[in-house]
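Heads up: the structure comes next, in structure tokens.
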Amino acid sequence: MTVNLGTKDFPKDISKEFLDGYVGKKIEDICGIFGKTGDEHNHCAHFVSHVLGFRIGLLCDSMKYETRNDTDSGRTIRVNDLFNNCPERGYWVDKPKDLDCCLIFAVLKSQINRVVPDDNAWY
């Protein structure tokens, strides 16, 4: 079962070499606006969004007063914003055979086909 959630301009070709360039990097290595290792936030969605260029929902530049009006550099910081805007989602066993690039989320079975609110996502 796959749910089509419309089209977005998500990255299409992501090579192993491209991703290897980020091995060992921390959020502060790629974002000078919001976040540092050891703070009280989980930056996994934020990190992925900088690497892949996602700009959906709440962006990191809105988290600081000085950059709140910057419309060019901010990237998504909430997992639920990424999940809810995936153009397609479904169970791993049902994925298309030709799928060679995707984001993987760990969610409850009951949430795979619905919009996940802020209070059910970690960010």
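Of all aspartates and glutamates in the structure, those lying under 16 Å Cα to Cα from Lys16, and not within fewer than 8 positions of it along the same chain, are Asp100. If R0 is taken as 35 Å, the Cβ-Cβ distance between Leu99 and Asn69 corresponds to a FRET efficiency of 0.35. Fewest-first ordering of Cys86, Cys101, Cys31 by other beta carbons within 10 Å of each residue's beta carbon gives Cys101, Cys86, Cys31.
Label-to-label distance, Asp20 versus Lys36, with points set 7 angstrom from Cα along the beta-carbon direction: 3.2 nm.
Read-outs: derived from the displayed coordinates by stated rules, not from any lab. Since we're looking at a predicted model, the values are computed, not measured. FYI the Cβ positions are ideal-geometry reconstructions off the backbone, even for glycines, and counts take in every protein chain you see.
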